[in-house]
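Visitor: This structure is in structure tokens; I'll ask about it shortly.
The values are calculated or read from the model by the stated rules, or taken from the named source; none is laboratory data. Remember, predicted model here, so these are calculated numbers, not experimental data. Positions of Cβ are generated from backbone atoms using ideal geometry, with glycine treated the same way; all protein chains shown enter the neighbour counts.
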Amino acid sequence: MEKQKQFCTFYLDNLFFGIDVLKVQEIIRYQDMTQVPLAPPVISGLINLRGQVVTAMDLRPRLGLGKRNADDLPMNVIIRTEDDTVSFLVDEIGDVVEPDEDTFELPPETIGSGLRKLINGVYKLDGQLLLVMDAERTMDLTAST
Amino acid sequence: MDDMDDIIKEFLVESYEYLNSLDTDLVELEKNSSDPELLNRIFRSVHTIKGTSGFLGYNKLVSITHAGEGLLDLLRKGRLVPDEALTSALLQLVDAIRQILESIEATRKEGNADHSALSETLSRLQDKEVASVVPAENPGTSAALPVEPAPASADSAPDEVAAVNTDADPTSSGSKAFAQLQTLETLRGLCEQTGQSIPLAQLAEKCDLKKDTVHNHLAALRKEGLVRMRKNNTYEPATNADALSTGTLRNGVEASTASPSQAIPKVPGPAQDSPSAVMSEGMPETRETPKASFSDNTIRVDVELLDTLMNLVGELVLTRNQIVQFTTAQRDTAFVASAQHLNLITTELQEGVMKTRMQPIGNIWNKFPRVVRDIAVACNKKARVEMEGADTELDKTIIEAIKDPLTHLVRNAIDHGIETPEVRAACGKPAEGRLLLRAFHEGGQVNIEIIDDGGGINPERIKQKAIERGMITQPDAARMSDREILHMVFMPGFSTAKEVSNISGRGVGMDVVKTNIEKIGGTVDVQSKLGHGTSIKIKIPLTLAIIPALIIRMGEDRYAIPQVNLLELVRLEGEQIKKGIEMIHNTPVYRLRGKLLSLVYLNQELQLSDQASQATQERQGAINIVVLQAEDQNFGLVVEEIIDTEEVVVKPLSKQLKHLSAFAGATIMGDGKIALILDVLGLAERAGVLSEEARARTKADKSTQPNTTELQTLLLFKAGQNRRLAIPLSMVSRLEEIPTANVEWAGDQELVQYRGHLMPLIQLSRVLSVGGYQSDPGQEFMQVVVCGQNGSTVGLVVDEIVDVVEEQVSLQSRKRQDSILGVAVIQGKVTELLNVKRIIGAADVALFEHDETTEVI
């Protein structure tokens, strides 16, 4: 891993995740979504991002986590890769953190395989663990489903 | 020097245009050698390329074009007659020129390719004729083309070649003329300053130009009598310094500025003929007419800019839609009026921008005569290309997308389709094969057909190949309709060519053709008649970006249905619902003007959770049916509410959703919400409307009841340990009770005398239950299903006739047993569908000939 990476962080079911800040286009509040019938359950719908149609993917089912309370509106983390733009729905947004490279470790073997496939590693921060999410692999539904 | 770069670019673009037309013209020439206008056009094209390349100092290009030009000149004078060898050589010349141009484009250099062999061939061909004729000695006097200036003689120095040609043959390209003007201005300035003779080298230095270039320009001036050239390569003003600086030269320059195409006076024919700024380059039709004015009125625009414009217009259409929606709630008449105005202007703008991207399909077609000729020569075949509707216009992106698939299909048609002249003669066809390319607009789509009169596709051979390659099994093959079999050519890795040639037969291609065409929302269909040829029909949308659509609502969300697929809207109210919608074994159908239309409920198809909506609808007492067409099947889509028609901008779905065949994309509605665009074809496939059985039934029923395609009439009976069996009623001629006593034997074949003929009997029980056959001798009568086939009849002995039903049949599982096509649920019970043809064949009743081709289901 390169030195001094910055991570955009968010919470999902009390887990603390980070995505490389360079891959995050923006963070927006909850948007009205258009349902996509027949789509895989992780696809929550489509949002209109200033004239662009963006697919919203709920990370809770994607990572095999439990359902969000109906009252809690998720936040959109817009991820932009070379060929696609996708919105990750997360519970809550955290700070941008710059963890110390020394604290990095590969994901422990014991965590659930569904989760582990999408995690590149773990930073041991003070008081909590930061799970580094692989954005591309998370977006790609064909690979792991 | 930037100017030089621009000049080279212009030169490349123009030369490519010439090359494109040369391809077509040369092939035409081979057929129609007597057309002087054609020859002149070819000559001029080559000549212009030669001239400009000389001006730019591409000597290699000059030398090969020169050789070609000499040859063409002989042709033009009628001293040579074009034949195949000659045309081939000229086509090679075109290829060589293209190769050099590509090299120039990439590296600014002519490249190292050796074209001496070609030059030799070209000059050898010239020698064929009267040796005394020095080809280009004095062609300026040529009767065929009086205005044509003298091309350089073969032995003149390169400088001279360049000078004469530039002088004689400038193209009308704006940037080149501009560059020349600049040079002229500089020269004028120099002359004014000195008012005396200037050595050429010094002139060149001052103008920052190559000596050659200056020389060329001055040669032009000299011709006008403005400058004199001294023996020692020094120029001086013709009369005196004043005359040159303030008089003629300036006038000449100004006049030239006003009209770049006349930058050099006395421009002969070619300049007028060069479509330097034609958007639709290379159209044979437009080249027919002189178009000096045409080139003045057109400009070249970067496609990227057009794409950007198109996107912007797309956004504008969206905004327009939003504003139009707001106005419905507005009372302010002034505002409403301007909104309407905006609406109109946007529509016009949209049409205008779309038009700029439209190109005639002839642009890609006109390279086909060459392709066809080359392949035909390579395969020792004869073929000609005919075109209909070459001016049919298509969006540029679509043109690009179909270019390769079409080329592939054309190649296939010649390589596989058209037979060799000997075979053709044996079949009583003219030796020359005919390939017809046809394009036309129909229902907002463009149809392109590629029709050859070759040998056609043999379904049996496809079957064989497919089985060999393990793509299908034998029983699969037996069950497949001819149409399905023909469509197998679109499967990856499929090729029926006996040998792999360098042209085609590797089995990659047809599947790529299909994928590429489907990628742009088109469809491909293949029809073939053995011995009579193959026709491939392609349907593609006009444009991809903005489509008219019907907006409907289902539950919370709205959906857009492309109008291309829309036939009509039907609304059922009150009593009509109960009366109009009937159920055939859980499949709702509606009688639309006496014909059955199968209904598909959108909410069910999309698995929308709110079952309530259907109930609501019925409570509200109205059902909305959108009658849609998918391929050749019609079906009714039941939706909750029909809202309006609207132009929508198609936005692609992201990768995660691409696999959903029910949707073609998404669009943003006036209120900023997103609506999914339904893919009618995908939806129909999902709903099973397009099953192959349904298709086959369409075919079978078409003659009598064109639209009751969903239903099939079946005869149900029992045989062999109480199995329920069915065969299509259309195969049954009569049902008979025949006394067991009447059965006679011929060898081991049971026969009865039936209506004055002998009719073989087949004990179905014996055929079906292998080995376990027990005849029941106690029975007095046998139930016999008489199947008539082309005059001969066969009797199937069954245990019991059950019923005649009209059912929608979908084969649930496929049996391995040859005699059974599959199992379906009919009248709520499991029923096996008999493969009658197979059974009759298996019973070995060869002595009674019957037609094997009778269609089974």
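Visitor: Let me spell it out: the conditions are (1) over 21 Å from B:D374 (Cα atoms); (2) surrounded by fewer than 18 Cβ atoms within 10 Å (Cβ to Cβ); (3) not β-branched (V, I, T), and B:D83 meets all of them except one. Which number is the exception?
Guide: (1)
Visitor: Can you pull out the helices (runs of 4 or more DSSP H) entirely within the range B:297-386 that have at least 1 residues that are within 14 Å of chain A (Cβ to nearest Cβ) and β-branched (V, I, T)? Steps first, please.
Guide: Values: elements: B:303-327, B:333-356, B:362-365, B:368-378.
Answer list for the range B:297-386: B:303-327.
Visitor: In the range A:99-145, which residues are within 14 Å of chain B (Cβ to nearest Cβ), surrounded by 12 or more Cβ atoms within 10 Å (Cβ to Cβ) and in contact (Cβ under 8 Å) with a residue 12 or more places away in the chain?
Guide: Let us first name the residues in the range A:99-145 that are within 14 Å of chain B (Cβ to nearest Cβ), namely A:135-145.
Still in the list and also surrounded by 12 or more Cβ atoms within 10 Å (Cβ to Cβ): A:135-141, A:144.
If the condition is that a residue be within 14 Å of chain B (Cβ to nearest Cβ), surrounded by 12 or more Cβ atoms within 10 Å (Cβ to Cβ) and in contact (Cβ under 8 Å) with a residue 12 or more places away in the chain, then A:A135, A:E136, A:R137, A:T138, A:M139, A:L141, A:S144 are the ones that fit.
Visitor: Continuing with this model, one more query. Please name all residue pairs, on different chains or six or more residues apart, with Cβ atoms under 9 Å, provided the first residue is in the range B:49-62 and is at positive phi and the second residue is of a type in the set (D, E, K, R).
Guide: B:G57/B:K210; B:G57/B:D212
Visitor: Return the total of residues in the range A:29-67 being farther than 20 Å from B:A675 by Cβ, within 14 Å of another protein chain (Cβ to nearest Cβ) and loosely packed, with under 14 Cβ neighbours inside 10 Å.
Guide: Within the range A:29-67, residues that are farther than 20 Å from B:A675 by Cβ, within 14 Å of another protein chain (Cβ to nearest Cβ) and loosely packed, with under 14 Cβ neighbours inside 10 Å number 1.
Visitor: Out of the range B:642-660, which residues are part of a loop (DSSP other than H, G, I, E, B), within 7 Å of chain A (Cβ to nearest Cβ) and either closer than 15 Å to A:I47 by Cβ or among the hydroxyl-bearing types (S, T, Y) (or both)? Lay out the reasoning, then the answer.
Guide: So in the range B:642-660, the residues part of a loop (DSSP other than H, G, I, E, B) come out as B:650, B:652-654, B:658-660.
Those left that are additionally within 7 Å of chain A (Cβ to nearest Cβ): B:654, B:660.
Once the filter is applied, which keeps residues that are part of a loop (DSSP other than H, G, I, E, B), within 7 Å of chain A (Cβ to nearest Cβ) and either closer than 15 Å to A:I47 by Cβ or among the hydroxyl-bearing types (S, T, Y) (or both), the range B:642-660 yields only B:S654.
Visitor: Give me the pairs, please: first residue somewhere in the range A:75-98 and in a strand (DSSP E or B), second residue anywhere and basic (K, R), beta-carbon distance under 7 Å, and either six or more positions apart or on two chains.
Guide: A:M75/A:R29; A:I79/A:K23; A:R80/A:K23
Visitor: Would you point out the residue of the range B:496-520, among those that are in a loop (DSSP other than H, G, I, E, B) and modelled with pLDDT of 60 or more, that is farthest from B:C379 (Cα to Cα)? It would help to see each step written out before you state the result.
Guide: First pass over the range B:496-520, keeping only residues in a loop (DSSP other than H, G, I, E, B): B:496-509, B:520.
Those left that are additionally modelled with pLDDT of 60 or more: B:509, B:520.
On the way: B:G509: 19, B:I520: 33 Å.
The residue in question is B:I520.
Visitor: Mind listing whichever residues of the range A:51-74 are more than 19 Å from A:V132 (Cβ to Cβ) and assigned to a loop (DSSP other than H, G, I, E, B)?
Guide: Our first condition is that a residue be more than 19 Å from A:V132 (Cβ to Cβ); within the range A:51-74, this holds for A:51-56, A:58, A:61, A:66-74.
Selection gives A:G51, A:G66, A:K67, A:R68, A:N69, A:A70, A:D71, A:D72, A:L73, A:P74.
Visitor: Kindly evaluate B:I623 against the criterion of being of a type in the set (V, I, T), modelled with pLDDT of 80 or more, under 29 Å from B:Q325 (Cα atoms) and more than 37 Å from the chain's Cα centre (by Cα). Talk me through it step by step, then tell me what you get.
Guide: Numbers: of a type in the set (V, I, T): yes; modelled with pLDDT of 80 or more: yes; under 29 Å from B:Q325 (Cα atoms): yes; more than 37 Å from the chain's Cα centre (by Cα): yes.
So B:I623 passes the test.
Visitor: Could you list all residues from the range B:670-688 that are outside any helix (DSSP H, G or I), more than 15 Å from A:L38 (Cα to Cα) and either more than 9 Å from every other protein chain (Cβ to nearest Cβ) or touching a Cys at 6+ places or on another chain (Cβ under 6 Å) (or both)?
Guide: Selection gives B:G670, B:D671, B:G688.
Visitor: A follow-up question, please. Any idea which residue in the range B:533-584 is surrounded by the fewest Cβ atoms within 10 Å (Cβ to Cβ), counting only those that are touching a Leu at 6+ places or on another chain (Cβ under 6 Å) and within 14 Å of chain A (Cβ to nearest Cβ)?
Guide: Looking at residues that are touching a Leu at 6+ places or on another chain (Cβ under 6 Å) and within 14 Å of chain A (Cβ to nearest Cβ), I get B:G555.
Visitor: Condition test on B:T65, is it over 23 Å from B:A376 (Cα atoms) and of a type outside the set (F, W, Y)? Talk me through it step by step, then tell me what you get.
Guide: Values: over 23 Å from B:A376 (Cα atoms): yes; of a type outside the set (F, W, Y): yes.
Here the answer is yes, as B:T65 does meet what is asked.
Visitor: Could you tell me which residue of the range A:78-98 is nearest to the other protein chains (Cβ to nearest Cβ), considering only residues that are crowded, with 19+ Cβ neighbours inside 10 Å and more than 16 Å from A:Q6 (Cβ to Cβ)? If you could, list the steps in order and put the result at the bottom.
Guide: Start the filter on the range A:78-98 by keeping residues that are crowded, with 19+ Cβ neighbours inside 10 Å, which leaves A:78-79, A:86-91.
Of the ones still in play, those that are also more than 16 Å from A:Q6 (Cβ to Cβ) are A:78, A:86-91.
Numbers: A:I78: 12, A:V86: 6, A:S87: 10, A:F88: 12, A:L89: 13, A:V90: 17, A:D91: 21 Å.
My answer is A:V86.
Visitor: Only one of (1) crowded, with 20+ Cβ neighbours inside 10 Å; (2) more than 14 Å from B:K514 (Cα to Cα) is not met by B:L409, so which one is it?
Guide: The failed condition is (2).
Visitor: Identify, from the list B:S103, B:S88, B:S116, the residue that is touching a residue at least 24 places away in the same chain (Cβ under 8 Å) and not β-branched (V, I, T).
Guide: On the way: B:S103 fails: touching a residue at least 24 places away in the same chain (Cβ under 8 Å); B:S116 fails: touching a residue at least 24 places away in the same chain (Cβ under 8 Å).
Selected residue: B:S88, the only one of B:S103, B:S88, B:S116 that is touching a residue at least 24 places away in the same chain (Cβ under 8 Å) and not β-branched (V, I, T).
Visitor: Check B:G493 against each of (1) modelled with pLDDT under 80; (2) not in a loop (DSSP other than H, G, I, E, B) and name the one condition it does not meet.
Guide: Looking at each condition in turn, B:G493 falls short on (2).
Visitor: Going residue by residue through the range B:56-78, is there one that turns out to be part of a helix (DSSP H, G or I) and closer than 21 Å to B:N366 by Cα? Reasoning before the result, please.
Guide: Within the range B:56-78, the subset part of a helix (DSSP H, G or I) is B:59-76.
After this cut, where a residue has to be closer than 21 Å to B:N366 by Cα as well, the list is none.
No, that holds for no residue.
Here is a yes/no grid of residues against (1) under 28 Å from the mean Cα position of the chain (by Cα); (2) farther than 30 Å from B:E442 by Cα; (3) surrounded by 13 or more Cβ atoms within 10 Å (Cβ to Cβ); (4) not assigned by TED's automatic domain parsing to the domain that holds B:P430:
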residue	(1), (2), (3), (4)
B:G314	yes, no, yes, yes
B:I323	no, yes, yes, yes
B:T328	no, yes, no, yes
B:G352	yes, no, no, yes
B:N366	yes, no, yes, no
B:D374	yes, yes, yes, no
